[in-house]
Amino acid sequence: MSNDKKTMIVTPWEVSGEVDYDKLIVNFGTNKLTEELKQKMAKYAGFLHPQLRRDVFFSHRDLDWWISNYENDKKVGLYTGRGPSGDVHLGHLLPWIFTKYLQDAFDADLYFQMTDDEKFLVKENLTLEQAISYTYENALDVIACGMKVGKTFIFSDTEDIAQIYKLGLKVSKKITLSTAKAVFGFTDSDNIGLTWYPALQAMTCFLQSDREKQNIPCLIPAAIDQDPYWRVTRDIAEKLGFYKPAQIHGKFLPGLQQGGKMSASQPETAIFTTDTPEIALKKVMAAFTGGRETIKLHKELGGNPEICNIYAYYYFLFEEDDKKLYEIEAGCRSGNLMCGECKARLGKKIKEFLIDFQKKREKAKDNLQDYFLKEMK
Ligand code: TYM
């Protein structure tokens, strides 16, 4: 699908144009995350996460209700996922890092869905065997984010189908084709697998409740591209005797080129957790910045951090210290901080991050199966 730079498109399969997050709150009918809610999360976590402080997570539905259940000593659950079509990039890690924060704060079980079926159906050139093998590869990244063993249940839609199909079927009976068409824009030329798939992504909202035979409030941390699924799910939840799932929505980490989110379909503009530090550094040094065309002009006029992806990486992930972040911003605006230096500093931080993350990812191979969903006894 082609799109000019200005038109905003945010769907589970495409994010392009300039994303206006305030507009999405209105269009999707969600609520802005309030200071009070942020402070509540901070209270149970013991600290205010940088992603909250900086409004990376910015919107929600029923988060207040989900937290109040926890406060009333009710068990609460978490659900998030991944479409395993390739290696994991830094953008995917954003919601997972935040999910770990929530898991620790609320002592919640996490159901983590690997939608190898979805990616096989969507991607022309991806074989089913490749998608399934990415399920296990990507699971290493999930574990490397620090999810708790015994409280994290990863599953593959294809390989673990016996554990999810019955519930998926019950969900699918409540969603009409016209709803699926209206929400996801399916057309007659789409394959029929795709039109059924949303039932499985919706299903996981109820999986913990179904397995434990009690209604457990479910919260989904994810970027806002996944929201159409939750609108459909919320409409049918009560018909099936479950609570409506709550959501907390994140913003998109941009790619290394101008505009758009980090996307695996443009590998030269994304940093993957499996990139060697040297390759990552090369990508960073070639990135789009908010700097001027020449050093002379940059010194005279200063740069623009608002449109700079290098600054965005500091902001989203790589500079947690607000004071240091401000120094980068001010240095850029005044023209004292040159893009080359700013990129090199970021490259160093990303290199350190990758070395550490890759060690954790390697270690995750030792007990990968301990994180996978088992049949309920
Ligand atoms: P997928 O694999 O496209 O994305 C996985 C998660 O990463 C988020 N995300 C991003 N976040 C910030 N910046 C980015 N550049 C960026 N790109 C992707 C997505 O919002 C998502 O949270 N259909 C889903 C798989 C899925 C799922 C779920 C995701 C099944 N159940 C429940 C979230 C919650 C998919 O293909 O995600």
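Things to note:
- Residue check for THR289: modelled with pLDDT of 95 or more and more than 16 Å from the ligand (Cβ to nearest atom): no
- Scanning the range 269-323 for residues that are acidic (Asp, Glu) and over 26 Å from GLN51 (Cβ atoms) yields GLU278, GLU293, GLU300.
- Enumerated helices (runs of 4 or more DSSP H) restricted to the range 103-213, each holding at least 1 residues that are farther than 23 Å from GLN247 by Cβ: 116-122, 128-144, 165-172, 177-184, 192-203
- Every residue from the range 39-51 that is under 22 Å from GLN226 (Cα atoms) and surrounded by fewer than 18 Cβ atoms within 10 Å (Cβ to Cβ): none
- The single residue among THR11, THR7 that is open to solvent by 40 Å² or more (accessible area, probe 1.4 Å), outside the structural domain of ASP227 (by TED's automatic domain parsing) and within 14 Å of the ligand (Cβ to nearest atom) turns out to be THR11.
- Residues of the range 311-354 classified as part of a loop (DSSP other than H, G, I, E, B), touching a residue at least 40 places away in the same chain (Cβ under 8 Å) and within 22 Å of the chain's Cα centre (by Cα), total: 1
- Residue match in the range 228-239 (condition: within 18 Å of VAL15 (Cα to Cα), within 8 Å of the ligand (Cβ to nearest atom) and open to solvent by 40 Å² or more (accessible area, probe 1.4 Å)): no
- Residues of the range 34-54 satisfying the condition of being more than 16 Å from the ligand (Cβ to nearest atom) and touching a residue at least 40 places away in the same chain (Cβ under 8 Å): MET41, TYR44, ALA45, GLY46, ARG53
- All positions within the range 181-237 that are among the aromatic types (Phe, Trp, Tyr) and closer than 18 Å to LEU24 by Cα: PHE184, TYR229, TRP230
- In the set ILE271, ILE220, only one residue is buried (at least 20 other Cβ atoms within 10 Å of the Cβ), within 30 Å of ASP73 (Cα to Cα) and within 14 Å of the ligand (Cβ to nearest atom); that residue is ILE220.
The values are calculated or read from the model by the stated rules, or taken from the named source; none is laboratory data. Quick caveat, the model's predicted, so the values are computed rather than measured. No Cβ is skipped: glycine too gets one built from the backbone with ideal geometry, and neighbour counts run over all protein chains shown. Note: accessible area is taken over every heavy atom of the protein model, side chains too, but ligands, DNA and RNA are not part of it. Shrake-Rupley method; radii C 1.70, N 1.55, O 1.52, S 1.80 Å.
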